[in-house]
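Single-structure report; data block below.
All of the numbers you see were taken from the coordinates with simple rules; none came from a lab. Please read these numbers as outputs of a predicted model, since none were measured by experiment. FYI the Cβ positions are ideal-geometry reconstructions off the backbone, even for glycines, and counts take in every protein chain you see.
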């Protein structure tokens, strides 16, 4: 019997091997980081902060490239799609609360979107960023597919925005705990909206850890705020053209 | 009679099998992707899939229990799915210097502002409404 893969120099075999290696490394490090974080719950030990740092070190020290890495692990990122579908369940289970409180959530989403765009523009100008980088920073608070759409529309660089979105998610999920401890919030509504509007998917995953109600509100708000941004983008593009 | 008994056992099987439910979610996601591609909607397939599932749940075509375990499995470790995307920074060595620091400051302070404003607005409106 002959094996379909004859030697380790075969490009297909190498691709399979490196894909398997990076996938297992990512999942293994994530699970280890999760365990570590459960033991010592510090924000800088958050799995979403620790795992990428360790992986960057691994990729660079093995002289691999981002392309090698993502070719093997892209399927993990693709799973964000079915995870999005999964949010239908907690949203459906909290439909009564959402139907009752939608005006409150809408007010929060409007205020949050306005703050995201204005603070992005203002802070970028203060630290001396301009041009495409400044524009690419504006839609950073919404989830990647929406953000890339908006970025292209207002004259930013979608690929750059994708990186800023991920950084916002990572930092936001870590900051979320700190902000939640500072602010005297009474309602699960406010806690969910804080994470969903501030840190999109990563924030929503965090909210899901805090409570089912918070998680479902964050999930709903994340989707709606993304849609809201797509609708507002043409108007924003017009305004930006006149500045 | 036989068909009904078969349907009941099939339903029970779905309600208890996490793997089957994960498969369901994957199927709805793919359906959403296909629909987006076909109609040319500028929306991600996951969101269309979510809308389909919500519509089916609301019209009682499917029961929450045929999704619940699978959904919990996906949501519990959703942060893992973000990890590979973060490594895109490897391709941008220019962000390692002052430029990266500036961007980090904008994102950090901006996110703090967005979170505080959103949460305080929601909490204020919520208290105002419950006092009415």
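Assorted remarks:
- Taking the centroid of alpha carbons for each part, the stretch A:50-91 and the stretch B:115-132 are 36 Å apart.
- Shielding by other protein chains, A:106-113, mean Cβ within 10 Å: 6
- Cα long-axis angle, helix A:144-154 against chain A (0 to 90 degrees, to the nearest 10): 60 degrees
- Gaussian network model of chain A, springs between alpha carbon atoms under 10 Å - residue of A:125, A:144, A:73 with greatest fluctuation: A:125
- Taking all Cα-Cα distances within the stretch A:108-243, those exceeding 27 Å account for 17%.
- Degrees, to the nearest 10: A:11-39 long Cα axis against longest axis of chain A: 50 degrees
- Angle in degrees between helix A:66-78 and the longest Cα principal axis of chain A, rounded to the nearest 10: 60 degrees
- Cα-based Rg of the stretch A:27-154 normalised by 2.2 N^0.38 Å, two decimals: 1.37
- Note on A:119-126: average number of Cβ atoms from other chains within 10 Å of each residue's Cβ is 5.
- The alpha-carbon atoms of chain B define a convex hull whose volume equals 210 cubic angstrom per residue.
- With each label modelled as a point 7 angstrom along the Cα→C-beta vector, the residue A:54-residue B:39 pair spans 4.3 nm.
- Over the residues of the protein assembly as shown, the helix contribution to mean residue ellipticity at 222 nm works out to -27000 deg cm²/dmol, using -39500 (n - 2.57) for each DSSP H run of at least 4.
- Order of B:39, A:89, B:109 - criterion: other Cβ atoms within 10 Å of each residue's Cβ, fewest first: B:39, B:109, A:89
- Shielding by partners for peptide B:50-56, expressed as the average number of C-beta atoms from other protein chains within 10 Å of each residue's C-beta, is 5.
- Cα gyration tensor, the stretch A:79-135 - rounded (a/c under 1.5), prolate or oblate: oblate
- Packing-based exposure ordering (other Cβ within 10 Å, fewest first) of A:55, A:48: A:55, A:48
- Simple spin-label estimate for residue B:132 and residue B:20 gives 4.6 nm between the two label positions (7 Å along the Cα-to-Cβ direction from each Cα).
- Ranking of B:92, A:37, B:13, A:63 by count of other Cβ atoms within 10 Å, fewest first: A:63, B:13, B:92, A:37
- If you sort the three axes of the alpha carbon gyration tensor as a ≥ b ≥ c, you get a/c of 1.5 or more for the protein assembly as shown and a/b no higher than b/c, which makes it oblate.
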